[in-house]
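**Student:** Quick one: the structure is below, questions incoming.
The values are calculated or read from the model by the stated rules, or taken from the named source; none is laboratory data. No experiment lies behind these values; they were computed from the predicted model shown. Cβ placement follows ideal geometry from the backbone for every residue including glycine, while neighbour counts extend to all protein chains displayed.
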Amino acid sequence: MPAERGHRPSGNSPSGESVVCGCSGASQARQRAGATSTCYGSGNQGPPTDRHTVIVLASTDVPLPTVLADSCLTANGVVLPMVFVSPAQINAQLPFQINGNTDIVLRTPGGTSDALKITILPAAPAVFRSGAAGPVTDIPTIYRAANNALVTASNPIHPNDRISIYLTGMGRRFPKLRPVIAHPPSPCLPVLPATVTLGGTSLFVDFVGLTPGSVGVYQINALVPFKGVPTGFDIPLTVNQGGATTTIPLRVVN
């Protein structure tokens, strides 16, 4: 199990114990090329003389660093861009150039972990759940263009709405970019096309690509049809790409 928050791991050697989706936190052995993922483990700490100091460090620099708090994470030997490091958790971006069986290895001043084996898929979209509305958090980052606010039970989708969906894990892109740099203002599109449905009805997709100025964040802009979409509190919005899907229940009203 991951070390408890604020608790110092007892050993000095690092270990990787699980890799989960950086969007939802769902535990899974299958990850997405280019996705933001979280590695849980223990022992990401300084040398023995500093073992009582908890190292917590985040980076907002662009390009993203590949070494943070004297630690680095590799996938099949490729050094990953890092966003956050703590004694029990590392957030990093998986490489676009690697698919299939992958060994994740953590290197810290305390040593090198055993390989944690995962599978990286060519694409498997996942919607970020980092939105907040008042006291409510963990909201899918899907916005209505009508008021530029998150879609919630109190701000439901309407017919003829334009929505923007923010997600990760859409795989290889064109033109190719280094993973660590911010996305340029010009379009950078996923190689595999994506479709969006709401309650089984296809939406009109205007744009699918990387969000300018961010790292590892994709954006889908779509138009809800004027009619044909069912109403209710848990209408499934589904993104399909290369046979992989992700579904978010949303409220839809007339």
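**Student:** Which of the residues spanning the stretch 192-224 are assigned to a loop (DSSP other than H, G, I, E, B) and surrounded by 15 or more Cβ atoms within 10 Å (Cβ to Cβ)?
**Tutor:** Matches in the stretch 192-224: LEU192, GLY199, LEU203, THR211, VAL215, GLY216, VAL217, VAL224.
**Student:** Being surrounded by fewer than 19 Cβ atoms within 10 Å (Cβ to Cβ) and closer than 30 Å to PRO193 by Cα is the filter here, so list the residues in the stretch 92-120 that pass it.
**Tutor:** GLN97, ILE98, ASN99, GLY100, ASN101, ASP103, LYS117, THR119
**Student:** Further question: Could you say which residue among ALA88, ALA123 is farther than 22 Å from VAL215 by Cα, buried (at least 20 other Cβ atoms within 10 Å of the Cβ), modelled with pLDDT under 85 and not charged (D, E, K, R)?
**Tutor:** Just a single option satisfies the conditions, and that option is ALA88.
**Student:** Would you confirm whether any residue within the stretch 133-140 is surrounded by fewer than 16 Cβ atoms within 10 Å (Cβ to Cβ), of a type in the set (D, E, K, R) and free of Cβ contacts under 8 Å to residues at least 40 places away in the same chain?
**Tutor:** Looking for residues that are surrounded by fewer than 16 Cβ atoms within 10 Å (Cβ to Cβ), of a type in the set (D, E, K, R) and free of Cβ contacts under 8 Å to residues at least 40 places away in the same chain, one finds at least one in the stretch 133-140, hence yes.
**Student:** Cβ-Cβ below 6 Å, separation at least six or inter-chain, first residue in the stretch 223-237 and without any contact (Cβ under 8 Å) to a residue 24 or more places away in the chain, second of a type in the set (A, V, I, L, M, F, W, C) and surrounded by 15 or more Cβ atoms within 10 Å (Cβ to Cβ): which pairs?
**Tutor:** THR231/VAL252
**Student:** Still on this model: Pull up the stretch 225-244, narrow it to residues that are of a type in the set (A, V, I, L, M, F, W, C) and surrounded by fewer than 19 Cβ atoms within 10 Å (Cβ to Cβ), then point me to the one that is farthest from the chain's Cα centre (by Cα).
**Tutor:** PHE226
**Student:** Considering THR60, THR66, THR53, which residue is in a loop (DSSP other than H, G, I, E, B) and either surrounded by 17 or more Cβ atoms within 10 Å (Cβ to Cβ) or at pLDDT 85 or above (or both)?
**Tutor:** So the residue among THR60, THR66, THR53 that is in a loop (DSSP other than H, G, I, E, B) and either surrounded by 17 or more Cβ atoms within 10 Å (Cβ to Cβ) or at pLDDT 85 or above (or both) is THR66.
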